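Rule-based calculations on the coordinates, nothing more; no lab input. On a predicted model such as this, the values are computed, not experimentally measured, just so you know. Here the Cβ is made from the backbone with ideal geometry for all residues, glycine too, and neighbour counts use every protein chain on show.
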Amino acid sequence: MTQYLNSFPGGLKLPGRKRRSTATPIRKMSLSHTLVLPLQQHIGEVATPCVKVDNKVLKGQKIASSNGHISANLHAPSSGTIKEISEHPMLHQSNSSFPSITIETDGQDKWIDRRITYDFTHLSPNDLCHLISDAGIVGLGGAGFPSFIKINSGIHHYVETLIINGAECEPYITCDDVIMRERAQSIIDGIEIMQRALNVNNCVIAIEDNKPEAILSMRIALNLNQRIRDTKIVVIPNLYPTGSEKQLIQVVTGKEIPGSGLPIHIGIVLHNITTAYAIGRAIKHSEPLISRIVTVTGTDLDNSGNFETLLGTPIHELLRFCGTKHQVGAPLIQGGPMMGYNLADNNLPITKTANCILVGVENTAKDTNPLPCIRCGDCATVCPIKLLPQQLYWYSRSRNMDKMQEYSLFNCIECGCCSYVCPSKIPLVQYFRLAKTETTNKKRESQKANIARIRHDNRLERQEYERVARKEKQRKHKITLATRKANSRSEN
Ligand code: SF4
Ligand code: SF4
């Protein structure tokens, strides 16, 4: 029976447009001749290459090591030769270049020796955390936060509930839906591993009511697992943006996380369903994160669907594989039409967080000759964070950063609901993204200036100290000389 829980303010009922990519099972994308792997496909520090140009590598071999506390390892998605370590354009909002490793594949797709651990029940939470970290797993729902850090929180904090996010609320995207339909057993393995590592039994798998096949498949896999305990599937209403972290927690538990708070502050750890799958494969089958399921869909395709794609595969090959009619300059988005970003070209490589390539569909917040704001208030009605988008809009136009912060700009989750309903077609979310970037850059600049000023002041202070010390030394030296002279005179 359908069971609904709590709700959050605002939100939108959007047309799903998901059927076009769920008609066929997951297909395997063919092996590309060249794979380009940016060293930062995650939140945190850039990974450090541990291979050199001309090195031979095997599939699954580590090619870059995590660097610092928040970072992630990177592995070769296929066997071949390292051809280049240099800057390369990357799939990123900024459409800029990042240091990357290029592999020329040899067509053999030969794995490194792997230690398959079918029984992981003897592994300690620490062992499991290390293995998840070694496998380079990051949040695959789009955030890219290194997963072992959240898993590690079980060692340092009391975790009351693990929530698995199976709410894929953006239109068009179906990679989570199909992975639940087809690979539920590995997802359940991943959930059991996370429960052990976090030392928590209570687990909720939240799936939207528009995914009946996924719900059924997950229920069967859950029933087949004899060890897993206190884990339940809850069906939640299909309302955008339920899949966002704070909104899902509110729906499932009724608890609200304050502005800058984290789920762990209220005893919750939340992971995406595909991350659970990747963890299951990493521990049981010793497979590092080298591929992901990508939804390729939209209006200019013969063959929409979900494709198991090696990281580093160029988007244009994926599009060709789907029989695209996409023309250069036509809309191409990474992600969905609400939160996705436009891509400058189709030669960019697939990364760990690339869940969807949307072809021929415009971003809902596209800047198309907006009209003046008529102060209708519709944008505030749909905001799931209870912000006042029209006020933020006015302050962003006047570049009043202080006021924008006063109106909680940084609590905006960039869901795009406000832009979607605005009758004047004002691309509100674009203004907010820009304002956030500008504010962050300004803060960074001012921090840099402060550090430079402190360094300069310290230098002046040190120079002054040295000058005084030198003078004092000279004075003492003079006194010593004068004393010696006086002494020698008195002796004579
Ligand atoms: S929805 Fe658009 S027109 Fe209405 S108040 Fe908000 S910004 Fe103004
Ligand atoms: S984009 Fe930001 S301001 Fe607009 S509805 Fe979403 S959270 Fe609210």
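Assorted remarks:
- Take 165-176, 114-125, 273-284, 306-317 and order them by the average number of nearby Cβ atoms within 10 Å per residue, most first; the result is 165-176, 273-284, 306-317, 114-125.
- When each of the peptides 27-37, 233-243 is scored by the mean number of other C-beta atoms lying within 10 Å of its residues, the order from highest to lowest reads 233-243, 27-37.
- For the stretch 295-359: rounded, prolate or oblate by the Cα gyration tensor [a/c cutoff 1.5]: rounded
- The stretch 94-170, dipole about Cα centre (Lys/Arg Cβ +1, Asp/Glu Cβ -1), debye to the nearest 20: 180
- Gain in span if fully extended, Tyr158 to Asn225, counting 0.36 nm per residue against the direct Cα distance: 21.6 nm
- Computed over the stretch 19-294, the alpha-carbon pair-distance distribution with 10 angstrom bins reads 7, 28, 35, 23, 6, 0, each value a whole percent.
- Highest average packing first - 297-304, 45-52, 397-404, 129-136, Cβ atoms within 10 Å: 129-136, 297-304, 45-52, 397-404
- Separation of alpha-carbon centers, the stretch 178-213 and the stretch 98-132, rounded to whole Å: 21
- Charge dipole magnitude, Cβ of K and R +1, D and E -1 - the stretch 151-302, Cα centre, debye nearest 20: 620
- FRET efficiency estimate (nearest 0.05) - Cβ-Cβ, Lys403 to Ala452, R0 35 angstrom: 0.80
- Charge dipole magnitude, Cβ of K and R +1, D and E -1 - the chain, Cα centre, debye nearest 20: 2160
- Between 0 and 90°, nearest 10: helix 125-134 axis offset from the chain longest Cα axis: 90
- FRET efficiency for His69 and Ser490, using Cβ-Cβ distance with R0 set to 60 Å, rounded to 0.05: 0.30
- With Cα atoms, 0 to 90° folded angle of helix 184-198 axis to the chain main axis: 30
- Rounded if a/c under 1.5, otherwise prolate or oblate - the stretch 339-386, Cα gyration tensor axes: oblate
- Spatial separation of Cα centroids for the stretch 307-376 and the stretch 1-53, in angstrom: 13
- Residues of the stretch 118-155 with amide N under 18 Å of the 7 Å Cα→Cβ point at His265: 150, 153-154
- When the Cα gyration tensor is reduced to axis lengths a ≥ b ≥ c, the ratio a/c is 1.5 or higher for the stretch 364-492, and with a/b above b/c it is classed as prolate.
- Over the stretch 174-233, the hull volume per residue, using the convex hull of the C-alpha atoms, is 74 Å³.
- Remark on the chain: ratio of C-alpha radius of gyration to 2.2 N^0.38 Å is 1.19.
- Helix 147-156 and the longest principal axis of the Cα set of the chain meet at an angle near 70°.
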